[in-house]
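**Student:** Once you've had a glance at the structure underneath, I'll fire off some questions.
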Protein chains: 2
Amino acid sequence: MKRVAVILSGAGVYDGSEIHEAVLSLLALDRAGAKVQCFAPDQPQHHVINHLSGEVMHETRNVLVEAARIARGAIKPLSQARPEDFDAAVLPGGFGAAKNLCDFAFKGAECTVNAELQRFLAALAEARKPVGFICIAPAMIPRIYGKGAECTIGTDAQTAAALEAMGAVHQACPVNGVVVDATRRCLSTPAYMLAGSIKEAAEGIDALVAKVLALA
Amino acid sequence: MKRVAVILSGAGVYDGSEIHEAVLSLLALDRAGAKVQCFAPDQPQHHVINHLSGEVMHETRNVLVEAARIARGAIKPLSQARPEDFDAAVLPGGFGAAKNLCDFAFKGAECTVNAELQRFLAALAEARKPVGFICIAPAMIPRIYGKGAECTIGTDAQTAAALEAMGAVHQACPVNGVVVDATRRCLSTPAYMLAGSIKEAAEGIDALVAKVLALA
């Protein structure tokens with residue numbers, strides 16, 4: 001049984017994990033027989049967005065506590081994620097990946113990755129354990145894997161240019177496709193960077209999870 | 001194209017819609033080619049639960065605003081749900097269904113259903129349009145369909161007894177099964193009342209959605 005860490009960043013597309021992408025990842029992993037453990041950083045969210053109006057709400061929420069909603073409580077602080085306990089990892093997208101797991105949403109090509117996550121993912125990379133990045137989460141790939149890593153965020157030219165400025169080799173990819181850097185064992189799929197509906201997001205995520213597990 | 005209303009009650013198993021059940025419902029409906037519109041009541045949640053600790057958080061959240069996280073913002077107030085615009089409805093579970101859509105979690109067999117929801121579902125029942133109830137949401141069936149309605153909440157004896165006290169005819173049902181009251185066109189499946197994992201919840205929800213759409 002493959003052991004997979006799923007890294008969440010809150011619960012909601014505008015300030016946390018994209019909920020559909022997170023649930024579709026958990027579904028694909030469970031159907032494939034993987035043993036999943038969810039993690040999230042125990043820290044305040046960058047901010048809280050009213051998902052009805054799109055406006056900032058003047059309150060504070062914790063990334064781990066909100067991510068626990070997606071995990072039905074079965075989640076641990078990212079600081080407890082030990083690379084030796086896992087065969088692979090999957091990172092759903094949503095703005096939380098670019099606001100709470102790194103600061104790509106604000107700093108673009110100047111972004112840095114959460115230190116606990118950088119440590120965990122760098123250790124998986126060093127051990128050649130596969131990691132799947134969904135939606136905007138591939139923005140972290142150049143910081144983890146260094147120059148030359150192949151990845152996709154779909155087809156958005158501006159976002160792709162920011163990744164290339166960090167040293168990534170961006171490949172345009174349809175919503176049902178997966179870009180695999182076989183050398184580095186990092187994989188990516190666009191999901192809601194391109195998806196027009198949940199079934200489209202599911203196609204790419206199902207394909208990504210299958211490839212991640214095949215490499216694990 | 002079948003038009004289906006999905007009624008949400010927040011975002012999180014302990015105080016809102018069970019997120020997996022809601023997303024799995026949206027996935028099954030989208031894959032079947034249905035046109036979905038999400039709704040939720042524009043009212044305060046009964047309370048807010050920290051999904052990591054299980055404790056009450058001393059803050060206020062709005063059911064519609066939190067449900068918008070699951071719907072990626074594409075949601076309307078339940079007061080705007082017009083029965084004539086839909087061929088069917090689906091109600092995911094989670095404690096929100098029993099705390100925000102009705103008060104079954106607190107009053108058991110003495111519960112009442114949110115007035116807007118009662119009006120909407122009673123009109124669908126009158127028009128013989130099918131409605132699918134997931135997990136604990138079937139607790140509302142006796143209030144909508146009256147005495148003799150067949151339904152399931154899985155196998156929990158105490159919950160089943162409360163439904164029977166309201167006049168329902170409870171049938172024990174496995175996690176991958178669906179109880180269909182063909183006369184009233186109300187359908188139910190246990191999902192996380194019984195599911196040990198997300199793929200088990202998906203089995204029952206996929207089956208429920210297929211049967212709802214077949215009757216629509």
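**Student:** Can you spot a residue in segment B:16-26 that is at the interface with chain A (Cβ under 9 Å from one of its Cβ atoms), among the small types (Gly, Ala, Ser) and under 22 Å from B:ALA207 (Cα atoms)? Break it down stepwise before answering.
**Tutor:** Restricting attention to segment B:16-26, the residues satisfying the condition of being at the interface with chain A (Cβ under 9 Å from one of its Cβ atoms) are B:16, B:18-20, B:22-24, B:26.
With the extra rule that they be among the small types (Gly, Ala, Ser), the set shrinks to B:16, B:22.
Subsequent filtering for residues that are under 22 Å from B:ALA207 (Cα atoms) retains B:22.
For segment B:16-26, residues at the interface with chain A (Cβ under 9 Å from one of its Cβ atoms), among the small types (Gly, Ala, Ser) and under 22 Å from B:ALA207 (Cα atoms): present.
**Student:** Go over the candidates A:GLY167, A:GLY154 one by one and state the one that is surrounded by fewer than 22 Cβ atoms within 10 Å (Cβ to Cβ) and on the phi > 0 side of the Ramachandran plot.
**Tutor:** One residue alone meets the criteria, A:GLY167.
**Student:** Related question: Quick one: is A:LYS199 over 24 Å from A:GLN43 (Cβ atoms) and among the charged types (D, E, K, R)?
**Tutor:** When the stated conditions are applied, A:LYS199 passes them.
**Student:** Does any residue of segment A:35-50 turn out to be at the interface with chain B (Cβ under 9 Å from one of its Cβ atoms), surrounded by fewer than 16 Cβ atoms within 10 Å (Cβ to Cβ) and free of Cβ contacts under 8 Å to residues at least 12 places away in the same chain?
**Tutor:** no
**Student:** Related question: Could you check how many residues of segment B:114-151 are surrounded by fewer than 19 Cβ atoms within 10 Å (Cβ to Cβ) and not charged (D, E, K, R)?
**Tutor:** 7
**Student:** So is A:ALA109 modelled with pLDDT of 95 or more, among the small types (Gly, Ala, Ser), surrounded by fewer than 15 Cβ atoms within 10 Å (Cβ to Cβ) and farther than 28 Å from B:GLY94 by Cβ or not?
**Tutor:** Against the criterion (modelled with pLDDT of 95 or more, among the small types (Gly, Ala, Ser), surrounded by fewer than 15 Cβ atoms within 10 Å (Cβ to Cβ) and farther than 28 Å from B:GLY94 by Cβ), A:ALA109 does not qualify.
**Student:** Right, something else. Within segment A:2-29, restricting attention to residues that are surrounded by 23 or more Cβ atoms within 10 Å (Cβ to Cβ) and hydroxyl-bearing (Ser, Thr, Tyr), which residue is nearest to A:HIS51 (Cα to Cα)?
**Tutor:** A:SER17
**Student:** Could you tell me which residue of segment A:186-203 is surrounded by the fewest Cβ atoms within 10 Å (Cβ to Cβ), considering only residues that are of a type outside the set (A, V, I, L, M, F, W, C) and out of contact with any Leu (no Cβ under 8 Å at 6 or more places or on another chain)?
**Tutor:** This residue is A:GLY196.
**Student:** I've got another one for you. Scan segment B:13-61 for residues that are closer than 24 Å to A:LEU78 by Cβ and either in a helix (DSSP H, G or I) or among the aromatic types (Phe, Trp, Tyr) (or both) and jot them down.
**Tutor:** B:TYR14, B:ILE19, B:HIS20, B:VAL23
**Student:** Quickly run through segment A:51-67 and pick out the residues that are open to solvent by less than 70 Å² (accessible area, probe 1.4 Å), in contact (Cβ under 8 Å) with a residue 12 or more places away in the chain and within 10 Å of chain B (Cβ to nearest Cβ).
**Tutor:** A:HIS51, A:GLY54, A:ARG61, A:ASN62, A:LEU64, A:GLU66, A:ALA67
**Student:** Let me ask something else. Quick one: would you say A:ALA32 is of a type outside the set (Val, Ile, Thr), more than 8 Å from chain B (Cβ to nearest Cβ) and open to solvent by 10 Å² or more (accessible area, probe 1.4 Å)?
**Tutor:** When the stated conditions are applied, A:ALA32 passes them.
**Student:** Run down A:CYS102, A:CYS135, A:CYS111, A:CYS151 and say which single residue is within 14 Å of chain B (Cβ to nearest Cβ) and in contact with a helix residue (DSSP H, G or I) (Cβ under 6 Å, 6 or more places away or on another chain).
**Tutor:** Answer to the check: A:CYS135.
**Student:** Go through segment B:92-104 and give me each residue that's under 17 Å from B:PRO190 (Cβ atoms) and open to solvent by 20 Å² or more (accessible area, probe 1.4 Å).
**Tutor:** Result: B:PHE95, B:PHE104.
**Student:** Got at least one residue in segment B:69-85 being assigned to a strand (DSSP E or B), buried (at least 24 other Cβ atoms within 10 Å of the Cβ) and more than 9 Å from chain A (Cβ to nearest Cβ)?
**Tutor:** No: segment B:69-85 contains no residue that is assigned to a strand (DSSP E or B), buried (at least 24 other Cβ atoms within 10 Å of the Cβ) and more than 9 Å from chain A (Cβ to nearest Cβ).
The values are calculated or read from the model by the stated rules, or taken from the named source; none is laboratory data. Model, not experiment: these values are computed from the prediction. Quick reminder, even Gly has a Cβ in these numbers, built from the backbone with ideal geometry, and neighbours come from all protein chains shown. These area figures cover heavy atoms from the full protein model, side chains too; ligands, DNA and RNA do not enter into them. Shrake-Rupley method; radii C 1.70, N 1.55, O 1.52, S 1.80 Å.
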